[in-house]
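Structure, as structure tokens:
Every number here is computed from the coordinates shown, using simple stated rules; none is lab data. Every value quoted in this text rests on a predicted model; they were computed, and no experiment measured them. Note: ideal-geometry Cβ built from the backbone for every residue, glycine included; neighbour counts use all protein chains shown.
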Amino acid sequence: MLSQNIPLKKYSSIKIGGPASYFCEVNSVSQLKQVIKQWREIDGDLNKIFVLGEGTNILFSDSGYDGLVIKNNINLLERKGTQVLAGGGMLMPTLINFCSQNALSGFEWAGGLPGTVGGGIRGNAGAFLGEIGDSILEVESLDLRTFKIKKRNRKECQFGYRQSVFKTEEGKKEVILYAKFKLKKGDREEIKTKTQEKVDYRIERHPLDLPNVGSAFKNVPTSSVSSSVKKEFEKSIKPDPFPVIPTAKLLIGAGLKGKSIGGAKFSEKHPNFIVNFNRAKAEDVLALISIAKKSVKEKYGVDLEEEIMFV
Ligand SMILES: Cc1cc2nc3c(=O)[nH]c(=O)nc-3n(C[C@H](O)[C@H](O)[C@H](O)COP(=O)(O)OP(=O)(O)OC[C@H]3O[C@@H](n4cnc5c(N)ncnc54)[C@H](O)[C@@H]3O)c2cc1C
């Protein structure tokens, strides 16, 4: 069931990454458990297991991953009234479309959001004043340490800005298996239109024609910047999910729009997206990240925080 030396660039939306020493895809909880048992015989170190969704938020190292990468394809999708049960490997666009087809309102903000349900919950993905955590009723996960299934309600998931319990010590060894969402009855056409508006917005503003991993950095809370920086970017402040200065504006101000290293660059269309325009290496992307942090710190005194994850 486990394959060896599988190139990870195939599984990352920025198309970068060396081989995983071990790799497998799982479609069910029993397959997942079986794979973990197999891993215990080969190595046993749980710290060397990486759970992969759609790879839309990950920069894999050029040297690959020394361990086991498990691609989660648990794909259930069921509706009961205004509740929807989705597998952790279910693609967000499929879930969003399912809700819209069933006249269920709550995911309009997520039109065009890539990735899986599991990846989205872990990072509490959000946009346009909405976050995945807003509609969560319950999340079911498998604790790899104990092999126990855990169920958490929304409060117990500890959602915050791109944050959840699954990023903390408590939950970081858990695989999200299923999520139950609570939605509202709505008008199908209205939901479809609102969702499509977000898709169109993304197509117009984001460099979707080139491999990328979404925003490289989190936006910057206005509460963390000096009053002069706040004044300079006053017109760009967004209330999403609290008042923030879009990092793209700081990158433009620091002269980094279009700046390239090797085959990677800060997109001219949206500078907070680093795009792979010519067989980029992870080291090119990391060098750009490092330059951005240094330049923005020097010019604005702001510490940028990565949104993407380096593995
Ligand atoms: C074009 C583009 C636009 C984007 N727009 C947005 C946006 O508007 N808002 C936003 O928040 N993000 C955005 N992103 C980033 C990304 O899509 C989200 O973070 C997404 O939720 C990641 O899901 P994924 O399945 O790809 O996770 P992956 O990238 O595969 O993994 C991300 C993390 O989640 C963990 N993980 C994945 N599945 C599970 C699971 N089942 N159980 C436990 N842990 C798991 C992984 O181990 C990893 O740590 C964008 C990305 C792109 C490429």
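Starting with the highest mean, order 2-10, 101-109, 162-170 by the number of other Cβ atoms within 10 Å, averaged over the residues of each peptide.
The peptides rank, most packed first, as 101-109, 162-170, 2-10.
Apply the Karplus curve 6.51 cos²θ - 1.76 cosθ + 1.60, θ = phi - 60°, to the phi angles in segment 27-40 and return the couplings in whole Hz, x for Gly and Pro.
Taking θ as phi minus 60°, the curve returns 10, 8, 5, 5, 5, 4, 4, 4, 5, 5, 4, 4, 4, 4 Hz for segment 27-40.
Can you tally the lysine pairs in segment 3-72 where the Cα-Cα distance is under 18 Å and the two residues are eight or more apart, or on different chains? Before the final figure, lay out the partial values.
Numbers: 9/71; 10/71; 15/71; 33/48; 33/71; 37/48; 37/71; 48/71.
Going through segment 3-72 pair by pair, I get 8.
Hey, quick one: spin label on residue 150, modelled 7 Å out along Cα-Cβ, who in segment 19-38 has an amide N within reach, i.e. under 18 Å?
33
Spelling out what I want: for every residue of segment 214-231, take phi, set θ = phi - 60°, compute 6.51 cos²θ - 1.76 cosθ + 1.60 (Karplus), and round to whole Hz; glycine and proline get x.
Rounded to whole hertz, the list is x, 5, 6, 10, 5, 5, 9, x, 4, 5, 9, 10, 6, 5, 5, 5, 4, 5.
May I ask for the distance between the Cα centers of segment 30-65 and segment 107-156, given as a whole number of Å?
20
So if we plug the beta-carbon distance of residue 143 and residue 66 into 1/(1 + (r/R0)^6) with R0 = 22 Å, what FRET efficiency do we get, rounded to 0.05?
Efficiency at R0 = 22 Å is approximately 0.40.
Between residue 1 and residue 278, how many nm apart are label points set 7 Å from Cα along the C-beta direction?
Going by the 7 Å Cα→Cβ label model, 4.5 nm.
Along segment 50-57, what does the Karplus equation 6.51 cos²θ - 1.76 cosθ + 1.60 (θ = phi - 60°) give for ³J(HN,Hα), rounded to whole Hz, x for Gly and Pro?
Using θ = phi - 60°, the values come out as 10, 8, 10, x, 9, x, 9, 9 Hz.
Do any GluC sites (Glu not before Pro) in segment 227-286 lie in a loop, going by DSSP, with at most 16 other beta-carbon atoms within 10 Å of their beta carbon, and if so which?
268
What per residue convex hull volume, in Å³, comes out for the chain when only alpha-carbon positions are used?
Taking the convex hull of the Cα positions in the chain, it is 129 Å³ per residue.
GNM, the chain, Cα, under 10 Å: largest mean-square fluctuation among 159, 128, 266?
128
Search the structure for amide H atoms under 5 Å from the amide H of residue 259, placed 1.01 Å from N in the peptide plane, and list their residues when 5 or more places away or on another chain.
Correct list: 266.
For segment 190-311, give the magnitude of the charge dipole about the Cα centre (Cβ charges: +1 Lys/Arg, -1 Asp/Glu; no others), in debye to the nearest 20.
Values: 21 positive and 16 negative charges, 44 e Å.
Here segment 190-311 has a charge dipole of around 220 debye.
With springs only between Cα atoms under 10 Å, which of 225, 84, 213 fluctuates most in a Gaussian network model of the chain?
Of 225, 84, 213, the Gaussian network model singles out 225 as fluctuating most.
What pairs in 257/293; 173/297; 185/269 have C-alpha atoms more than 25 Å from each other?
173/297; 185/269
Pull up all non-local amide H partners of residue 244: gap of 5 or more, or a different chain, and H-to-H distance under 5 Å with H placed in the peptide plane.
Hits under the 5 Å cutoff: 222, 238.
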